[in-house]
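Presented below is the structure to which this report refers.
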Amino acid sequence: MAGRYLFPIVNSDGGPNFQYQQFVYSVFMALNTNRTIVLTDFNRHHTGAHHSIGIPFNTTFDSDIFNEFMPTVSMEEFRDECGSYVQNILVLPTYRNRPYSYVLHDYAKQKLWLDRRIGITIPENSIIPHSDRNIANMFKNLEHEKCVIMITPEAFHDTVRHPTDDVTESLYAHLVRTQFLRDTVSQVLPDICDGGNFVAFHWRNKTGEMCRNDNVGCEGTAEKQKQMLEILSRDIRNIQTKHNISCVFVAHSPEEPEHFLRLFRSYVSNVITMDDVTKLNNPGINFYNGDDYFMSLIEQEICARSEVFIGDRKSVV
C-alpha cells in the first residue's frame, strides 16, 4: 500500500451537502498531486440531533465504485501507513470570511476529533499561518511528504486547479450513493408519480434555517418568498408542458415552514414530497424514517432519477 496520501477533514462546518462538496475539492487536490484519497467521515446537519457523530464514507457513498475512479484508503489504513502522529497539515488562516480566531477554534476541534476517532495526533495550532501569502510555499514544502492532512478543503477552492470537464464528470459518475439506498429508491419509484417521469424541484433558499428565530434581516421574508414562488411556479409549469410531465417532486429542508408547500401547491398541481414517500411502507424507507441524514440521501437519489431537475448551484443529486 506504499504511496502518498491526502486525508481531508470535511466535517468542520456546514451541512452534509457542503461536506460532500468539500470532499470533491480534496479529490481535486489529490488528483493534482497524485495522492491516494482517504475516505473520511461526514457529519449530520448541525441543526439536528447527534450532529457531531461521524458517519463513515461507505454508508453514504459506494466506496467500491469510487475506488474505480481513483485509489482510496480507509482512515484506519491511513493511520497504519502514517503512524499515530502526522505533522504535515494543510490549513489556511481564514475561509468564507471567518476570522483567524474561528480557524484556531476549529483546528482545536479537529485535533480532538482525530485523536478520539482514529487515534491520530497532529501539531498544536501554532502551525497555522497568519496569512495566506505563502500558500505556494506550503504546497511545495509538502510536495514530497508521504502523509498530509487537509483541514477544511473548501478553503483551498481558489487555489486548487480543477480538472477537465471529462474528469469532473467521471468523478461525479463514480460518487454514487450506496447500493442499499439506490435499491430502496428503485423499489419506490413505481409508486412515485404513478411510475412516470417527473420534475424534481429542490427548494433551497434557507429561510427556514436562517429565519426560524426571527433573525435580523428576515423582515418581509414571507412576502419575498411568495413573489419568488410565483415566478418559479410559472417556469416549472412551462417546463412541465415542454416535457409533457404532470408531476413534481419537491425536495426541501425539514426547517422550511409548512406554508411554503401550501403556497407552492396552490400554484402547481400534482406535487409530492418525502412525506408522501414515507407513507409507501417500503422496508428501506421505514428503516431510515426519522433519520434526516439518510432520508436526505434517499431524497437526493429520487431527484437523480427525475427527467428534469431544478435546483441551485449547491444542490447535490
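The values are calculated or read from the model by the stated rules, or taken from the named source; none is laboratory data. Fair warning: this is a prediction, and the values are worked out from it, not measured in the lab. Note: ideal-geometry Cβ built from the backbone for every residue, glycine included; neighbour counts use all protein chains shown. Accessible surface is based on the protein model in full, side chains and every heavy atom, while ligands, DNA and RNA are left aside. Shrake-Rupley method; radii C 1.70, N 1.55, O 1.52, S 1.80 Å.
Structure summary
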| quantity | calculated |
| --- | --- |
| Qualifying residue in the range 179-192 (condition: touching a Phe, Trp or Tyr at 6+ places or on another chain (Cβ under 7 Å) and farther than 30 Å from LEU229 by Cβ) | no |
| Matching residues, the range 68-111, being of a type in the set (Phe, Trp, Tyr) and open to solvent by 70 Å² or more (accessible area, probe 1.4 Å) | TYR85 |
| Any pair with Cβ under 7 angstrom, 6 or more apart, that starts in the range 118-136 at a residue that is within 15 Å of ILE149 (Cβ to Cβ) and ends at one that is of a type outside the set (D, E, K, R) and part of a loop (DSSP other than H, G, I, E, B) | GLY119/SER84; ILE120/SER84; ILE120/VAL86; THR121/SER84; ILE122/VAL86; PRO123/GLN87; ILE128/VAL91; ILE128/PRO93 |
| Count of residues meeting criterion [open to solvent by less than 30 Å² (accessible area, probe 1.4 Å) and among the acidic types (Asp, Glu)] in the range 251-308 | 3 |
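Per-residue answers, yes or no, for (1) hydrophobic (A, V, I, L, M, F, W, C); (2) at pLDDT 95 or above; (3) within 26 Å of the chain's Cα centre (by Cα); (4) open to solvent by less than 40 Å² (accessible area, probe 1.4 Å):
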site: ASP194; (1), (2), (3), (4): no, no, no, no
site: ARG212; (1), (2), (3), (4): no, no, yes, no
site: VAL216; (1), (2), (3), (4): yes, no, no, no
site: GLU219; (1), (2), (3), (4): no, no, no, no
site: ALA222; (1), (2), (3), (4): yes, no, no, no
